[in-house]
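**Q** I have a structure here, written as structure tokens, and I will follow up with some questions on it.
The values are calculated or read from the model by the stated rules, or taken from the named source; none is laboratory data. All figures in this text were calculated on a predicted structure; none of them were measured in a lab. When we count neighbours, we look across all protein chains shown, and the Cβ atoms used for this are built from the backbone with ideal geometry, even at glycine. Only protein heavy atoms, including side chains, enter the accessible area calculation; ligands, DNA and RNA are left aside. Shrake-Rupley method; radii C 1.70, N 1.55, O 1.52, S 1.80 Å.
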Amino acid sequence: MDNVRRPQPLLQVEGLHASVDGKEILRGIDLTVNAGEVHAIMGPNGSGKSTLAQVLAGRESFSVTAGGARFLGHDLLSLAPEERAREGLVLGFQYPVEIPGVSNVYLLKAAVNAVRRHRGLAELDAMEFLKLIREKMQLVEMPDELLYRSVNEGFSGGEKKRNEILQMALLEPRLAILDETDSGLDIDALQVVAEGINALRGPGRAIVLVTHYQRLLGYVQPDFVHVLAHGRIVKSGGKELALELERRGYGWLEEAPAAPAREAEARAR
Amino acid sequence: MAQPATKLDELVGREYPHGFVTEVETDTVPRGLDEDVIRLISRKKDEPAFMLEWRLAAFRAWQKMAEPHWAHLRIAPIDYQDIIYYSAPKQRGEGPKSLDEVDPELLKTYEKLGVPLHERERLAGVAVDAVFDSVSVGTTFQAKLAEMGIVFGSFSEAVRKHPELVRRYLGSVVPYTDNFFAALNAAVFTDGSFCYIPPGVRCPMELSTYFRINAKETGQFERTLIIADEGAYVSYLEGCTAPMRDENQLHAAVVELVAHERAHIKYSTVQNWYPGDREGKGGIYNFVTKRGDCRGANSRISWTQVETGSAITWKYPSVLLRGDNAVGEFYSVALTNNWQQADTGTKMIHIGRNTRSTIVSKGISAGHGQNTYRGLSKVLKGAEGARSHSECDSLLLGDTSGAHTFPYIEVRNPTATVEHEASTSRIGEDQLFYCRQRGISPEDAVSMIVNGFCKDVLKELPMEFAVEAQKLLGVSLEGSVG
């Protein structure tokens with residue numbers, strides 16, 4: 001799409017097919033993401049957006065039946081989820097999971113140190129980590145108190161999503177996949193989260209935003225927009241495509257009834 | 001496509017790090033049990049006549065009792081005539097007078113288990129009584145404690161040096177008629193720890209006993225008796241390990257606690273007896289009677305247990321709340337993996353007015369493990385204003401393990417408040433995926449989730465032991481996510 005020759009794409013997905021319980025949800029996805037780019041993946045409910053995010057992140061309840069994906073030259077699909085995260089592919093969850101009794105700061109420190117070990121860096125001790133996290137928390141305006149509560153337990157919708165962005169800021173992934181990070185947010189929370197995402201942007205990093213609405217894209221300008229329907233990318237374009245979708249809806253891009261795929265995706269969650 | 005398969009139920013299976021055997025010459029009595037064996041044990045221990053009489057009375061009572069079978073457990077038949085009831089490392093001459101004279105092989109054993117018996121080493125804030133098979137091999141910090149009037153050491157020593165205390169309290173909380181295993185223990189018990197804290201004394205260090213089963217085909221029958229006199233405080237810990245053997249070995253202990261007015265006893269257990277192998281072969285039968293008696297007003301007894309070992313754990317550390325305003329607490333983590341079974345819980349008997357009890361039980365089942373919570377909250381007629389609260393949570397890993405909860409509530413006083421809550425959950429694939437997608441290994445993730453689940457109990461353990469217990473929970477689940 002642009003003329004500059006790039007050394008190697010961060011992520012290259014080719015002909016990816018994936019299914020759950022024998023139901024095919026992804027039916028041949030092709031996608032190339034280069035460092036520095038922000039891609040938005042849009043589409044109606046049940047089109048396979050979240051499935052794509054989860055398959056790329058290593059969720060094992062989906063099976064890949066054809067095609068492949070390379071990440072920084074690795075065969076992505078042969079890596080365990082923790083290896084993908086350590087290599088720099090991190091998923092921001094649509095529904096962040098609660099872990100009772102485990103303090104948020106404990107999980108974050110364990111995660112940061114697991115990634116640092118993998119990268120051959122010294123582990124951070126408690127003081128160093130606290131200094132780092134205080135700095136990153138300002139990005140998402142997160143109150144200190146949330147560090148010491150159990151992971152995501154009793155967090156509001158906005159707090160959960162801010163916590164996801166905080167994790168991105170701490171883990172410094174090469175590719176951040178944000179799955180419906182805008183869902184369930186009021187306008188103030190949306191702005192905070194969007195600012196957090198913008199702060200993550202950089203020449204070495206790519207971001208894939210999975211979203212249903214154009215709303216978030218008003219704050220985070222994507223370089224590319226892809227529309228997913230029935231498990232395929234049916235249209236790609238620049239940021240203006242998102243506005244067109246906002247105006248016209250998804251109907252004009254959908255070719256067949258979406259019901260079976262939607263059911264399957266709902267079950268996969 | 002070959003996704004790296006990491007299923008939760010594959011995390012089961014582990015190495016038991018304490019499974020070694022120490023080569024020592026032993027002094028054992030012939031296999032089997034009759035009055036002569038009991039006389040022999042009593043003679044070996046040079047006991048006063050009242051002890052032998054008590055043992056024989058217990059034995060006669062035991063002979064009339066039937067083995068109980070009401071627990072939710074599968075137990076292979078036990079042949080009580082095929083057990084060796086006394087086994088002790090052979091002593092040279094008189095036996096060690098101080099720790100310096102203890103057989104170096106034994107010192108090495110405890111060293112290897114992470115319990116050095118040199119007073120200057122790591123466990124400097126903890127006094128340790130080390131029990132090896134049937135006898136106590138040494139007690140640290142005895143002299144220092146004696147300066148404060150605290151008696152701490154082996155039961156045998158207490159019988160010789162403080163017969164009046166032993167005679168007054170022995171069997172006063174758990175009489176030998178209490179149950180089959182308590183009667184057996186009373187007849188044949190060989191050693192254990194004894195502790196007496198005089199009035200108003202706050203014991204300055206943690207007291208602990210480290211139990212080690214070493215010999216083959218023996219049973220371990222120890223008895224612990226702790227008395228906190230008026231206004232005294234003591235925190236006591238016990239740890240347990242055993243070698244890996246294919247046969248099941250019986251461990252039938254009795255623990256009695258007595259808290260007088262305003263006294264507080266905190267009793268913590270980290271039980272890691274050999275659990276058997278992955279197929280369920282071997283392992284310790286841990287059939288224990290533990291009971292505390294809040295005899296005086298405003299007294300308090302707290303049981304905290306982390307049970308990760310044994311093929312079968314069957315015990316209910318209980319509290320008799322006799323004094324007014326007495327407080328009983330029970331905090332428990334029981335983990336069963338592979339083919340382990342646990343039927344554990346507590347009994348809180350409210351007798352005095354305004355007595356309170358708190359029960360927090362966390363059961364974790366992995367592999368084919370079966371975990372049962374069984375608890376009784378009983379309020380007697382005179383227990384005006386009694387309050388009892390219990391909380392039982394079960395966590396399942398994989399789909400072949402089981403969790404069961406049997407709460408019993410009996411209330412005979414209308415002013416009492418008794419509450420019970422229970423929950424069962426499964427470690428979700430999504431919790432695990434969430435942690436892994438943050439770069440955390442599946443083993444660390446499971447350990448983190450399990451430790452989080454047990455947090456309310458672990459925080460009750462003394463600091464050093466909380467760290468040990470956390471590690472133990474991690475090790476015990478090793479291999480349950482592959």
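**Q** Being in contact with a Lys or Arg (Cβ under 7 Å, 6 or more places away or on another chain) and closer than 28 Å to A:Val210 by Cβ is the filter; apply it to the range A:114-125 and report the residue that is farthest from the other protein chains (Cβ to nearest Cβ).
**A** Filtering first and then ranking leaves A:His118.
**Q** What are the residues in the range A:121-149 that are touching a Leu at 6+ places or on another chain (Cβ under 7 Å) and among the basic types (Lys, Arg), if any?
**A** Residue satisfying the conditions is A:Lys136 alone.
**Q** Going through B:Glu25, B:Glu35 one at a time, which residue ends up being open to solvent by 40 Å² or more (accessible area, probe 1.4 Å), at pLDDT below 80 and of a type in the set (Asp, Glu)?
**A** One residue alone meets the criteria, B:Glu25.
**Q** Determine which member of the set A:Arg119, A:Arg149 is open to solvent by 40 Å² or more (accessible area, probe 1.4 Å), closer than 30 Å to A:Leu76 by Cβ and modelled with pLDDT of 90 or more.
**A** That would be A:Arg119, the only listed residue that is open to solvent by 40 Å² or more (accessible area, probe 1.4 Å), closer than 30 Å to A:Leu76 by Cβ and modelled with pLDDT of 90 or more.
**Q** What about A:Ile233, is it open to solvent by 20 Å² or more (accessible area, probe 1.4 Å) and among the aliphatic types (A, V, I, L, M)?
**A** Answer is yes for this residue.
**Q** Need the failing condition index for A:Phe62 against (1) closer than 30 Å to A:Tyr250 by Cα; (2) modelled with pLDDT under 95; (3) surrounded by 22 or more Cβ atoms within 10 Å (Cβ to Cβ); (4) not acidic (Asp, Glu), just the number.
**A** All conditions are met except number (3).
**Q** Something else about it: Could you list, in sequence order, the residues of the range B:151-185 that are assigned to a loop (DSSP other than H, G, I, E, B) and in contact with a Phe, Trp or Tyr (Cβ under 9 Å, 6 or more places away or on another chain)?
**A** B:His162, B:Leu170, B:Gly171, B:Tyr176
**Q** Could you list, in sequence order, all residues of the range B:151-192 that are open to solvent by 20 Å² or more (accessible area, probe 1.4 Å), touching a residue at least 12 places away in the same chain (Cβ under 8 Å) and over 21 Å from B:Asp129 (Cα atoms)?
**A** B:Arg167, B:Ser172, B:Tyr176, B:Thr177, B:Asp178, B:Asn179
**Q** In the range A:66-113, which residues are within 7 Å of another protein chain (Cβ to nearest Cβ), in contact (Cβ under 8 Å) with a residue 24 or more places away in the chain, open to solvent by 10 Å² or more (accessible area, probe 1.4 Å) and not in a loop (DSSP other than H, G, I, E, B)?
**A** A:Glu82, A:Arg86, A:Pro100, A:Gly101
**Q** Can you confirm whether B:Ile265 is touching a Lys or Arg at 6+ places or on another chain (Cβ under 6 Å) and hydrophobic (A, V, I, L, M, F, W, C)?
**A** Considered against the rule, which asks whether it is touching a Lys or Arg at 6+ places or on another chain (Cβ under 6 Å) and hydrophobic (A, V, I, L, M, F, W, C), B:Ile265 comes out as no.
**Q** Follow-up. Only residues that are under 15 Å from A:Phe93 (Cβ atoms) and within 14 Å of another protein chain (Cβ to nearest Cβ): list them for the range A:145-160, please.
**A** A:Val151, A:Asn152, A:Glu153, A:Phe155, A:Lys160
Quick grid of which residues meet (1) farther than 24 Å from B:Thr269 by Cα; (2) open to solvent by 20 Å² or more (accessible area, probe 1.4 Å):
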residue	(1), (2)
B:Glu391	no, yes
B:Gly402	no, no
B:Asn413	yes, no
B:Leu461	no, no
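**Q** While we're here: Scan the strands (runs of 3 or more DSSP E) fully inside the range A:5-56 and keep the ones with 2 or more residues being touching a His at 6+ places or on another chain (Cβ under 8 Å) and open to solvent by 30 Å² or more (accessible area, probe 1.4 Å).
**A** Counting at least 2 such residues, we get A:23-33.
**Q** In the range A:125-146, which residues are closer than 22 Å to A:Ala85 by Cα, open to solvent by 60 Å² or more (accessible area, probe 1.4 Å) and outside any helix (DSSP H, G or I)?
**A** Once the filter is applied, which keeps residues that are closer than 22 Å to A:Ala85 by Cα, open to solvent by 60 Å² or more (accessible area, probe 1.4 Å) and outside any helix (DSSP H, G or I), the range A:125-146 yields only A:Asp125.
**Q** Now for a different question. So for the range B:351-361 (the condition being open to solvent by 10 Å² or more (accessible area, probe 1.4 Å) and over 21 Å from B:Tyr267 (Cβ atoms)), does at least one residue qualify?
**A** yes
**Q** In a helix (DSSP H, G or I) and touching a Gly at 6+ places or on another chain (Cβ under 7 Å): is that true of A:Ile165 in this structure?
**A** yes
**Q** Kindly establish whether A:Leu171 is within 14 Å of another protein chain (Cβ to nearest Cβ), free of Cβ contacts under 8 Å to residues at least 40 places away in the same chain and in contact with a Lys or Arg (Cβ under 8 Å, 6 or more places away or on another chain).
**A** When the stated conditions are applied, A:Leu171 does not pass them.
**Q** Follow-up. Restricting the range B:437-474 to residues that are of a type in the set (Lys, Arg) and farther than 30 Å from A:Leu178 by Cα, which is farthest from the other protein chains (Cβ to nearest Cβ)?
**A** B:Lys471
**Q** Ok, one more. Name every residue in the range A:81-95 that is charged (D, E, K, R) and either closer than 8 Å to A:Leu178 by Cα or touching a Lys or Arg at 6+ places or on another chain (Cβ under 7 Å) (or both), in order of residue number.
**A** Result: A:Glu82, single match.
**Q** State all residues of the range B:134-150 that are modelled with pLDDT of 85 or more, in a loop (DSSP other than H, G, I, E, B) and open to solvent by less than 50 Å² (accessible area, probe 1.4 Å); if no residue qualifies, say none.
**A** Within the range B:134-150, B:Gly149, B:Ile150 qualify.
**Q** Just one of (1) on the phi > 0 side of the Ramachandran plot; (2) more than 14 Å from chain B (Cβ to nearest Cβ) trips up A:Glu128, so point out which.
**A** Tallying (1) on the phi > 0 side of the Ramachandran plot; (2) more than 14 Å from chain B (Cβ to nearest Cβ), A:Glu128 fails exactly one: (1).
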